Amino acid sequence: MSAAIDNHWYPVAMISGIDAPRETLLLGKKIKLGREDGICWVKDASGTPLPTVERFGHLWTSPGQPNRDLFTIPEADSPGRRLVDVGSVKVKCSPLRAVENFLDIAHFPFVHTDILGAEPHTEVDRYDVKIREEVDEVWATKVKFFQPQAAKSAAGGITTEYMYRVPAPTCSVLYKTCPPRPGEWDIITLFVQPLTDEWCEVWPWMALYDDDSTMSEMVSFQQLIFMQDRSILENQLPRKLPLDPGMEVPTQADMTSVAYRRWLKKIGYTYGAQLVAA
Amino acid sequence: MNWIAVGLAKDVPPGVVIPSRIEDTEMAIWCTPSGRYHAWSDRCPHRGMRLSHGFVRGETLACIYHGWQYNQTGSCDYIPAHPKLTPPDTICVPTYTCVEEGGVIWVSLNSVDDPLPVLGARVPVRSVPVSLSAKDVAAHFGAAGFTTIAVVSDYDTLLAVQPCTDTMCVLHVLAAPDADRKEVSRWVEDLRTTLEGVPA
Amino acid sequence: MILYDYVLSARCYKVRLMAALLGAPLTLQAVNFHPGREHKSPEMLVLNPNGTLPILKDGDTVLTDSADILRHLTSDHPEWRSADDDTWLAFASNLNDSLGLARLHDVIGYAADIDTARTAGVTALRKLEAHLTEQRFDDLIFLTGKAPTIADIACFPNTALAPDGGVSLDPYPSVRLWMRAIRSLPGFIEMPGIHRLHELAHPA
C-alpha cells in the first residue's frame with residue numbers, strides 16, 4: 001500500500017466500548033487493539049505497536065507514519081454540547097462511497113423521507129464548494145435544504161443550513177443548523193474505518209446542543225438515519241467509487257461529491273476507488 | 001444465446017419492478033401501469049444505484065436514491081434536485097429487447113430475430129430458484145440447451161431455464177392448463193430437492 | 001401503552017407496525033441497545049429479567065414476547081386474527097433466529113455462525129415462498145387469507161430485512177408481492193432498511 005493511503009489516521013474503536021483485547025481489520029490487514037491501565041493500544045499482525053490518538057470518543061491509529069496530527073473540531077469543545085457515541089454499523093461498500101453519501105443532500109426526500117426531506121421539496125439550490133489548499137480539506141458551505149424533522153430536537157419543518165467538511169479521506173464533519181440554538185451549529189460526523197476496499201465499519205459521532213432528548217433518543221435518531229443509507233450503499237454498482245469522470249453522471253447538486261472525488265485523485269487516495277471505467 | 005425467460009408476467013404486475021439477471025448482466029424488469037414490460041440495465045447512471053430498488057410512477061421508472069425518472073426509452077426526463085432542468089439526452093439507461101409472450105417475460109441480450117420458444121398450450125405456474133448452474137440442470141435432463149426443457153411428468157411440464165450464476169439458475173415452470181397448480185408447485189419443489197441432491 | 005423500543009430491532013418494529021396499522025397510540029421509550037447495552041441495565045432488568053426487547057407496558061401488564069404483544073394489541077380486533085396464526089408466530093421465531101441473527105451479525109457484529117444462519121434463512125424463505133405461491137393460486141395474498149393478520153405482521157420484518165444479513169430476496173416473487181401488499185396497507189410505517197412505496201406519493 002502506498003504512503004498516500006497508509007499515512008492517514010483511521011478510527012478503529014469507540015473508546016467507551018473497548019474492554020477485552022480484540023481483532024479488527026484496517027485496510028485489509030488484521031490489527032489488534034485493547035486498553036491497559038486506561039491507555040488504549042493498537043498492534044499490527046506481527047505485534048508491532050502502531051501510533052494511537054484518542055479523540056472524539058474514538059481510538060484512532062495509522063499503519064503508516066502520519067505526517068500531521070489527526071484533525072480537530074474546535075467547535076465540539078464548547079461547553080453545553082452533549083457528546084454522543086452512536087456506535088458502529090458495518091456496510092458492504094467502499095469506505096469512499098459511505099463518505100460520499102454523507103456529503104449528499106439530494107437523496108433526503110427519497111431515502112430519509114419525512115425526516116431529512118420530503119417531496120415536493122426536492123430542489124437543491126446552488127452552494128459553494130472549495131478545496132481549501134491551505135488545510136488540504138474539502139468544504140461545502142451555504143448548503144440549504146427544507147427538512148420535515150431535521151434533528152431529534154426539531155419541532156417541525158425548517159430550512160436547514162449545512163456546512164460539510166472532509167478533513168481526511170474517510171472522514172466527514174457536518175455542521176448543521178441547531179434547532180434549539182439559532183446561530184450555533186450542531187456537529188455530526190461520519191468516521192469510516194476501511195475494513196477492506198469494499199467493506200467498512202462506520203462510526204458516527206455527534207456533538208449537539210439538545211437539553212431535552214435522552215442520550216438513547218439521540219443515538220436512535222442517528223442510527224435510524226444511517227441504516228436508511230445502508231441499504232442504498234450496499235446496492236451501488238460498482239462497490240468501489242469511480243474517480244474518473246464518465247462512469248457516473250453528476251449534476252450541480254453533486255458539486256461536493258465532484259470536489260471530493262477530484263481531491264481524492266489529487267492526493268492519490270485510491271483505496272476503495274475505481275480508476276478506470278469497467 | 002437468444003431468448004431467455006427472466007420472470008413470469010403475473011409476478012411483475014403493472015407498476016412493479018424486480019431484479020433479475022442473465023449471467024453477468026443484471027437487469028431491472030418492470031411493467032408500466034399500462035402493461036408494457038421493460039428490461040433495463042440494473043444501474044442508475046447517476047450514482048450506480050440498482051434501479052430494481054426503485055419505483056414506478058406513471059409510465060416512468062424512478063431510482064430510489066435521488067428519484068431520477070426514466071421514460072420508456074430509458075432516457076432520464078426528470079431530476080428532482082433540479083425540477084426546472086430538462087435533462088440532456090445523454091443521461092440514459094441501457095435497455096434490452098424484452099417481450100411478454102404466453103405469460104412469460106423474455107429477454108434477448110443480442111437483439112436477435114429468432115422466434116420465441118414454443119410453449120404449446122401450457123400456462124405459467126411459478127418460478128423457482130435452484131442452487132445449480134443452468135448447464136448442470138440441462139445436463140441432468142440430457143438436454144442440448146437450456147432455453148426450454150420439456151420434462152416428462154403428469155402435468156406436461158416445460159421448464160424455461162434462466163442462467164444466473166455458476167451456482168444458481170431459476171426454473172420458470174409451465175404446465176398443462178388443466179393441471180392442478182398446487183400439485184405442479186409441489187412437483188417442482190421435489191424436483192429441486194432432487195437436482196440439488198439434498199436429502200428430503 | 002409504553003413500548004421500550006430499539007429503532008433497529010425487527011421485533012420492536014413488529015409492535016410499532018401493528019400499533020400503527022390499528023391506529024393504537026404508543027409511547028416509545030428509546031433504549032440504547034447498541035452500543036449502550038441499556039437493555040441489560042439494572043433498571044431494564046427490573047422490568048424484564050430476560051434482558052430482551054421489546055417490552056410493552058400497558059397499565060399493570062408487562063409483556064416481553066413479541067408474539068404475546070401482537071396478541072395483546074389485537075385482543076379486541078378479531079379481524080386481525082386467524083386460526084392459523086400460532087403456526088406462523090412460531091415460524092416468525094425461526095425467521096428471527098436465522099435471518100434476524102444474520103442481520104445482527106452483518107450490521108453490528110453479533111457473534112454468529114453466519115453460514116448456518118443464512119442457510120437456515122434460505123430454507124425458511126423457500127417455505128414462505130411455497131406457501132404464499134399456493135395462496136396466490138387461491139387468490140389470497142396474505143399468509144392466512146384475503147386479509148392480513150398478526151401472522152403477516154410477525155413474519156414481515158425479518159423477511160423484508162433479510163438483505164441486511166446478506167440473504168437476497170431476489171428469487172422469491174410471491175414473497176416480494178406479499179411484502180408489497182403489506183407495505184400498501186393503510187397506516188403502514190417503515191423502518192430503516194424497508195423503504196416506503198414512493199409510487200404511492202403524489203407530489204405537487
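Tabulated data for the structure shown
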{"quantity": "Alpha carbon centroid spacing (whole Å) that separates the stretch A:98-164 from the stretch C:138-187", "calculated": "33"}
{"quantity": "Alpha-carbon Rg/Rh ratio, for the stretch C:87-174, with Rh computed the Kirkwood way", "calculated": "0.99"}
{"quantity": "Additional length obtainable on full extension of the chain from residue A:224 to residue A:119, 0.36 nm per residue less Cα span", "calculated": "35.8 nm"}
{"quantity": "Packing-based exposure ordering (other Cβ within 10 Å, fewest first) of A:58, C:105, B:140", "calculated": "B:140, C:105, A:58"}
{"quantity": "Rg(Cα)/(2.2 N^0.38 Å) for chain B, N = residue count", "calculated": "1.11"}
{"quantity": "Sequence-distant residues sharing a close amide H with residue B:78 (under 5 Å, placed H)", "calculated": "B:69"}
{"quantity": "The stretch C:2-78: proportion of alpha-carbon pairs further apart than 18 angstrom, %", "calculated": "34"}
{"quantity": "Other protein chain Cβ atoms within 10 Å, averaged over every residue that makes up C:165-177", "calculated": "5"}
{"quantity": "Neighbouring partner chain Cβ atoms per residue of B:4-11, average, 10 Å criterion", "calculated": "2"}
{"quantity": "Span from the the stretch C:72-111 Cα centroid across to the the stretch A:191-228 one, whole angstrom", "calculated": "27"}
{"quantity": "Choice from C:15, C:107, C:31 with maximal GNM fluctuation in chain C (Cα, 10 Å cutoff)", "calculated": "C:107"}
{"quantity": "Debye equation applied to the C-alpha atoms of the stretch A:119-278, log10 I(q)/I(0) at 0.16 Å⁻¹", "calculated": "-1.08"}
{"quantity": "Coordinate range along principal axes, alpha carbons of the stretch A:71-116, Å, largest first", "calculated": "35, 27, 18"}
{"quantity": "Helical contribution to [θ] at 222 nm, DSSP H n ≥ 4, -39,500 (n - 2.57), averaged over chain B, rounded to 500", "calculated": "-3500 deg cm²/dmol"}
{"quantity": "For chain C, built as a Gaussian network whose Cα springs stay under 10 Å, the top-fluctuating residue of C:137, C:91, C:33", "calculated": "C:137"}
{"quantity": "Global form of the stretch B:3-108, assessed from the alpha-carbon gyration tensor, a/c cut-off 1.5", "calculated": "prolate"}
{"quantity": "Largest-first principal axis extents of the Cα set of the stretch A:188-244 (Å)", "calculated": "45, 20, 18"}
{"quantity": "Shielding by partners - mean other protein chain Cβ count within 10 Å, residues of B:42-55", "calculated": "6"}
{"quantity": "Most mobile listed residue (A:29, A:144, A:176) in chain A, GNM with C-alpha springs under 10 Å", "calculated": "A:29"}
{"quantity": "DSSP-loop GluC sites (Glu not before Pro) across the stretch A:128-173, with at most 12 other Cβ within 10 angstrom", "calculated": "A:133, A:134"}
{"quantity": "Fewest-first sequence of A:102, A:146 by Cβ atoms within 10 Å of each Cβ", "calculated": "A:146, A:102"}
{"quantity": "Semi-axis lengths, Å, the stretch A:40-186, gyration tensor of Cα atoms, sqrt of 5 times eigenvalues", "calculated": "31, 17, 17"}
{"quantity": "Listed residue pairs exceeding 27 Å between alpha carbons, taken from A:92/A:265; A:176/C:14; A:130/A:176; C:14/C:40; B:182/C:14", "calculated": "A:176/C:14; B:182/C:14"}
{"quantity": "The stretch A:1-61: projected area of the alpha-carbon convex hull, averaged over directions, in nm²", "calculated": "4.1"}
{"quantity": "Distance from the stretch A:46-73 to the stretch C:22-53 (C-alpha centre basis), Å", "calculated": "36"}
{"quantity": "Neighbourhood net charge (13 Å Cβ-Cβ; Lys/Arg +1, Asp/Glu -1) for residue C:187", "calculated": "+2"}
{"quantity": "Chain A - percent relative contact order, Cα under 8 Å, separation 6 or more", "calculated": "21"}
{"quantity": "Kirkwood Rh, Cα atoms: Rg over Rh of the protein assembly as shown", "calculated": "0.97"}
{"quantity": "Chain A: mean projected area of Cα convex hull, nm²", "calculated": "14.6"}
{"quantity": "Over 15 Å [Cα-Cα, the stretch C:66-112], rounded percent", "calculated": "55"}
{"quantity": "Point-charge dipole on Cβ atoms (K/R +1, D/E -1) for the stretch C:79-183, about Cα centre, debye to 20", "calculated": "240"}
{"quantity": "Gyration tensor over alpha-carbon atoms, the stretch C:1-142, equivalent ellipsoid semi-axes in Å", "calculated": "27, 23, 11"}
{"quantity": "Neighbour-count order for A:247, C:191, fewest beta carbons within 10 angstrom listed first", "calculated": "A:247, C:191"}
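Throughout, read-outs are computed from the coordinates displayed, never taken from laboratory work. Treat the numbers as computed from the prediction; the structure is a model and nothing was measured. FYI the Cβ positions are ideal-geometry reconstructions off the backbone, even for glycines, and counts take in every protein chain you see.
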